[in-house]
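Undergrad: Provided herewith is a single structure, encoded as structure tokens, for subsequent inquiry.
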Amino acid sequence: MADVTLVQGDTGPSINGTLKVTRTQNPLDLTNADVVRFQMRQDNDRRYTVDEAADVVDPDAGTVRYDWQEGDLAVAGDYICQWEITWSDGTIQTTEPPNTITVRRQ
């Protein structure tokens, strides 16, 4: 069962997340993050269908949001998604575990 189910062709609602430190489950402080990207790919493909900058809503609380763009949800199917953080020192961190999204046909 998917974490989120959306309808093919929709552009809302936005995807919201709270990024957490894996060991402690405390919110991940994003104060020193240069960019947070939302990445999504079909579960049977390694190529991203979405790889776009997300909004950091509250850096201290680790909250982020991605606003769907037209075409992001054009193809029905099962997807795997994650957040990729590029820190100010140039290091990259990807969230674990990835989440799942199902895009169902209209």
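Undergrad: Averaged across orientations, what area in nm² does the convex hull of the alpha carbons in segment 1-56 project? Walk me through the numbers on the way to the answer.
TA: Numbers: hull surface 22.4 nm².
That works out to 5.6 nm², a quarter of the Cα hull's surface.
Undergrad: Follow-up question, since we're still on this one. Order the peptides 52-58, 41-47 from the highest to the lowest mean number of other Cβ atoms within 10 Å of their residues.
TA: Working: 52-58: 14.7, 41-47: 11.1.
By packing density, highest mean first, the sequence is 52-58, 41-47.
Undergrad: Considering only DSSP beta bridges where both residues belong to segment 4-104, give the percentage that are antiparallel (nearest 5).
TA: Values: 30 of 34 bridges.
Roughly 90 percent of the DSSP beta bridges within segment 4-104 come out antiparallel.
Undergrad: Two-decimal Rg/Rh of segment 4-104 from alpha-carbon positions, Kirkwood Rh? Intermediate values should be presented prior to the final figure.
TA: On the way: Rg = 13.5 Å, Rh = 13.9 Å.
Ratio value, two decimals: 0.97.
Undergrad: Please find the FRET efficiency linking Asp29 to Ala76, where r is the Cβ-Cβ separation and R0 is fixed at 41 Å, and quote it to the nearest 0.05. Intermediate values should be presented prior to the final figure.
TA: Numbers: r = 37 Å, r/R0 = 0.90.
Here the calculated transfer efficiency is 0.65.
Undergrad: Another question about this same structure. Using each residue's phi in segment 79-92, evaluate 6.51 cos²θ - 1.76 cosθ + 1.60 at θ = phi - 60° and report the 3J(HN,Hα) Karplus result to the nearest Hz, with x for Gly and Pro.
TA: Once rounded to whole Hz, the list reads 10, 10, 9, 7, 10, 10, 10, 9, 7, 4, 8, x, 6, 10.
Undergrad: Return the single residue from Gln82, Gln25, Gln69 with maximal mean-square fluctuation; model: Gaussian network over the chain, springs between Cα atoms under 10 Å.
TA: Highest fluctuation of the listed residues: Gln25.
Rule-based calculations on the coordinates, nothing more; no lab input. Because the structure is a prediction, the values reported are computed rather than measured. Reconstructed Cβ throughout: ideal geometry from the backbone, glycine too, with neighbour counts over all protein chains shown.
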